[in-house]
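Here is the structure we will look at, set down as C-alpha cells.
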Amino acid sequence: MKNTKQPLKNLKAIDALTHCRTRALGASYYRCKLNHAEIEQLHSCRHRSCYVCAHKQRLDWIEKQKARLLDVPHFHVIFTLPHEYLPLWRYNEALFARILFKASQETLLQLLVQQRHGGVTPGILIALHTWGRQLTLHPHTHCLVTAGGLDSNNDWKALGSYLVPSAVIRSVYRGKLQSFIKAAFDAGELILPPTMSATQFWSMYRSLYKKHWCVRIEERYAHGKGVVLYLARYCKGGPVDPRQLKQVTADVVKMSYLDHRDKRIKQQRLKPIDFITRLLQHVPPKGLHTIRYYGLYASASKLLYQRCRQECGTVESMPHASSVDRLSMVVYCKTCGGPAQLSRRWWSRRSKGISINKEALSIGVSGSVQQVDEPPLAGVFYNTS
C-alpha cells in the first residue's frame with residue numbers, strides 16, 4: 001500500500017478504521033458516585049465504512065424505514081451493472097452510481113405507469129451495493145417496490161403476484177443504462193482507463209446489446225420489513241462484519257462468507273494486501289448517497305404518500321428483535337456495579353480535524369474523518385439525474 005497512490009477517500013478510510021477505538025482518537029472516562037476507579041471508553045471513528053460504528057445507525061435506519069414503508073406487499077428487484085463496465089466504474093464511481101440509480105428508478109416507474117403493467121405510481125426505495133460476498137467489485141441496486149400504487153385518479157390500486165415480465169424489464173433497463181452512458185461519453189463526462197481507447201469503448205458498448213443482462217425479481221414479500229432488515233446489514237458500515245474475520249496474520253486474512261448459490265458458509269484466504277485492496281474499492285465517494293427514494297416514497301410526493309399511509313398504514317408497529325440494543329449506553333462501575341457518569345474526556349489532535357495535510361499525504365495517512373452518515377431523509381431524491 002505504501003507504493004500505491006490512493007484517492008483521498010481511501011486515505012481517510014484507512015486512517016479512520018485503523019485508529020477506531022484506540023487512544024489515537026482520544027477517550028472518555030466514567031466514574032461512579034462512590035468514586036471508584038475510572039472506566040475508560042476509547043472513542044470511535046464514526047466513519048461511514050466502519051461496520052462497528054454503524055451498529056446503532058443500522059438499528060435507527062430500520063426503525064425509520066418501518067415508519068416509512070406502507071403496510072402492503074413489496075417486490076424486491078435487483079439491477080446489476082454488466083461486469084464489462086467494471087474498469088470504467090473504477091474511474092467514474094460517482095458518475096456510474098448516478099447512472100445506475102437513474103436507470104433503475106426510471107425503468108420501474110416507466111413500466112409500472114403503463115396500464116398493461118398496472119398503471120400505477122409505486123413507492124420505491126433503492127440501495128446501492130458495490131460488493132459481492134467475497135468482496136469482489138459487483139455494483140448493483142436493490143429496489144424495494146410496493147406491490148401497488150396510485151392510479152391516474154389517485155386511488156390505491158393493488159398489483160397481483162407478478163411485477164412485470166423479466167424480459168421486458170431487462171430490455172428497458174439495458175436501453176436506459178446504455179443511453180445514459182453514451183450521453184455521458186458524448187458530453188465528455190466519462191473518463192476512460194489509460195488502457196482503453198475510444199474505439200475499444202465503442203466496441204464494448206455495442207457488444208453489450210447482445211449480452212443477457214441480469215435483472216432479478218424476487219418473490220413478492222408480504223411486507224417490506226424483511227427486505228429492510230436484509231438491506232440494513234449492507235447499507236450502513238461497509239462490507240465486512242468483523243465476525244467474518246477468522247484469522248488475521250502478516251501473511252493471510254481468512255474470512256467467512258455465505259455462498260448465495262448453495263447457501264453454505266465458506267471461507268476464503270487472501271493476502272493482506274489483496275484484502276485491503278478489495279475493501280477499499282467499496283469506500284463510497286464523498287457526498288454519494290447510497291440510499292434513495294422515488295415515487296410515493298420520494299420527498300416530492302408527501303401529500304400523495306400521506307393519502308396512501310392513511311389507507312394502508314405502515315409497518316411501524318412490527319417489533320424489532322434488537323430493540324434492546326437501541327437503549328442508551330449505560331456504563332456500570334466494575335467495583336460496585338453502580339451506574340457511572342461521565343467525568344472527563346479528551347481528544348487527540350488527529351480526532352479533531354478532517355483535512356489531510358501535506359505531511360500526512362507524504363506518509364500515506366490522514367487526519368481522521370469524524371463523519372456520521374446523513375439521516376436517511378437527507379438522501380431523498382426524486383427523478384435525480
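Data table
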| item | result |
| --- | --- |
| Ratio Rg/Rh, restricted to the chain and using Cα atoms, in which Rh is the Kirkwood radius | 1.00 |
| Spherically averaged projected area in nm², based on the convex hull that wraps the Cα atoms of segment 269-321 | 7.4 |
| Convex hull of Cα atoms in segment 1-83, direction-averaged projection (nm²) | 11.1 |
| Among 165, 242, 194, residue whose mean-square fluctuation peaks in a GNM of the chain (springs only between Cα atoms under 10 Å) | 194 |
| Sequence-distant aspartates and glutamates (8 or more away, or on other chains) whose Cα lies within less than 20 Å of residue 246 | 259, 274 |
| Choice from 195, 314, 277 with maximal GNM fluctuation in the chain (Cα, 10 Å cutoff) | 195 |
| C-alpha long axis of helix 225-235 to longest principal axis of the chain, angle in ° | 60 |
| Listed residues 347, 156, 202, most fluctuating in the chain (Gaussian network, C-alpha, under 10 Å) | 202 |
| Linear extension gain, residue 245 paired with residue 8, 0.36 nm per residue minus alpha-carbon span | 82.7 nm |
| Reach of residue 176 by Cα under 21 Å, taken over lysines that are not fewer than 8 positions away in the same chain | 102, 210, 211 |
| Rg and Dmax of segment 195-333, Cα atoms only, in Å | 21.7, 68 |
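Computed from the coordinates by the stated procedures, all read-outs in this text should not be read as laboratory data. These figures come from a predicted structure and were not determined experimentally.
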